[in-house]
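One structure below.
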Amino acid sequence: MQKILISEWVPNQCLEPYKDEFSFTLPDKEKHAFSYDEVLAQIADYDGYLILDNDGDKKLIDAAKNLKVIANFGVGYNNIDWEYATKVGLPVVNTPTQVTEATAEHAMTLIAATMRGIARYDREVRRGEWNSPNFTDIDTELYDRTLGICGFGRIGKRVCRKAQGMGMKVIYYDKFRAKPEVETEFGVTYKSLDEVIAESDCITLHMPYVPENHHIFNADVFKRMKKSAYLINCARGAIVDEKALAEALKNHEIKAAGLDVFEDEPHPIPELLELENVTLTPHIASCTLKARIGMANEALKGITEVLKGNKPYNVVNKEVLK
């Protein structure tokens, strides 16, 4: 029976469909998670590995003598050295479909909360402050504002629909422009990245983290955004230069930001924590029980299909499949 290692506890209902064909090793609910070193010490015995909040680097891949497939619990897989995995013929699996609705919903919630100052008001009320002036431009209504979506994949498209439901106008940038019929279907206008930066009242990021996107939103970009604009990031932390963002927020080069992801999780830089005009959440955009169970099922389905010699849709480096 082939063996699958899981780095964190997952509900038994996720494992039940596969227990007749595969055996599983995972921490119990109380221990919750294996450390990287604990995974490294036992990975050589396993055929499949599902990563939750851990790393699949070259050192671990080299130690995994029997490993036939590695999977990440999420759409992104930059915590796996997928280029090295591809080089050694190791399939990498992700969960591209099950995070879509929850992540888009959280992004839209973060857009609304940031533009309307919800977290700031909450902190003020708890401190005994009642900051309720009759005439102020401290916050912005969403209706009739332009939302720029950077990354028009599954999640970007769902954010588009939700934003339009709030009365926002939507423009988008993607390295791979959508087909004309898709643009018509979604009622969106393609713009260059420079145009999205200059024209948007709020920019929301849904692009993948790849080397060319490292700090693509940086000090120069913040200077080219509207001073009244907002930045939302529910994609990957390293897309944004956090120190430059903190300076831009501090100096009011942009109005505010909402962040669900950070470059060095779980350690946002102190400069961000000190600012009132940033709303922070701890990488929980997909954190609903329905979405998380769906993600576990999608990852395990991909792993088990590879182990059975099949070619699942959610292998990101399909060239390694024979």
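Suppose every Lys and Arg Cβ carries +1 and every Asp and Glu Cβ carries -1, with no other charges. What dipole size does the chain come out with about its Cα centre, to the nearest 20 debye?
Details: 40 positive and 49 negative charges, 167 e Å.
Dipole about the Cα centre, nearest 20: 800 debye.
Pop the C-beta distance of Asp144 and Ile118 into the FRET formula with R0 = 22 Å and round what comes out to the nearest 0.05.
Efficiency for this residue pair is about 0.65.
Students often forget the sequence filter, so: which aspartates and glutamates lie under 12 Å Cα-Cα from Lys308 once same-chain residues fewer than 8 apart are removed?
Excluding near neighbours in sequence, the set is Glu21, Asp47.
For Lys169, what is the net charge nearby, where nearby means another residue's Cβ is under 11 Å from its Cβ and Lys, Arg count +1, Asp, Glu -1?
Numbers: positive: Arg145; negative: Asp144, Glu199, Asp201.
In short, -2.
Of the GluC sites (Glu not before Pro) in the stretch 83-133, which ones lie in a loop per DSSP and count no more than 10 other C-beta atoms within 10 Å?
Glu129
Ignoring ligands, DNA and RNA, please state the percent of accessible area on the stretch 189-252 from carbon and sulfur, probe 1.4 Å.
53
Based only on Cα atoms, what Rg/Rh ratio does the chain have, Rh being taken as Kirkwood's radius?
1.01
List, in the order given, every pair from Lys87/Lys162; Lys175/Lys322; Lys29/Lys255; Lys31/Lys250; Lys223/Lys290 whose Cα-Cα distance in the structure shown is over 32 Å. Display every interim value, and only then the final one.
Numbers: Lys87/Lys162 40 Å; Lys175/Lys322 29 Å; Lys29/Lys255 42 Å; Lys31/Lys250 40 Å; Lys223/Lys290 40 Å.
Going by Cα-Cα distance, Lys87/Lys162; Lys29/Lys255; Lys31/Lys250; Lys223/Lys290 fall outside the 32 Å limit.
Write down the radius of gyration of the stretch 124-173 and its Dmax, each obtained from C-alpha positions, in Å.
Every Cα atom of the stretch 124-173 included, Rg and Dmax give 15.6, 43 Å.
How would you order 290-302, 26-38 from highest to lowest mean count of nearby Cβ atoms within 10 Å?
Details: 290-302: 20.7, 26-38: 13.1.
The most tightly packed comes first, giving 290-302, 26-38.
Rounded to the nearest 0.05, what FRET efficiency do Glu212 and Ser132 have when you use their Cβ-Cβ distance and R0 = 51 Å?
0.65
Could you order the peptides 311-320, 230-239, 60-69, 130-139 from most to least packed, using the average number of other C-beta atoms within 10 Å per residue?
Most protected by this proxy first, the peptides run 230-239, 60-69, 311-320, 130-139.
With the Cα gyration tensor of the stretch 181-322 in hand, convert its eigenvalues to equivalent ellipsoid semi-axes via √(5λ) and list them largest first in whole Å.
Value: 33, 20, 14 Å, ordered largest first.
Work out the charge dipole of the stretch 226-322 with +1 on the Cβ of Lys and Arg and -1 on the Cβ of Asp and Glu about the Cα centre, then indicate which of Ala256, Val316, His283 is farthest towards its positive end.
Of the listed residues, the answer is Val316.
The values are calculated or read from the model by the stated rules, or taken from the named source; none is laboratory data. Values in this document were obtained by computation on a predicted structure and should not be read as measured data. Please note: Cβ atoms are built from the backbone with ideal geometry, for glycine as well, and neighbour counts cover all protein chains shown. Each accessible area value is taken on the protein alone, full model and side chains, heavy atoms only, with ligands, DNA and RNA left out. Shrake-Rupley method; radii C 1.70, N 1.55, O 1.52, S 1.80 Å.
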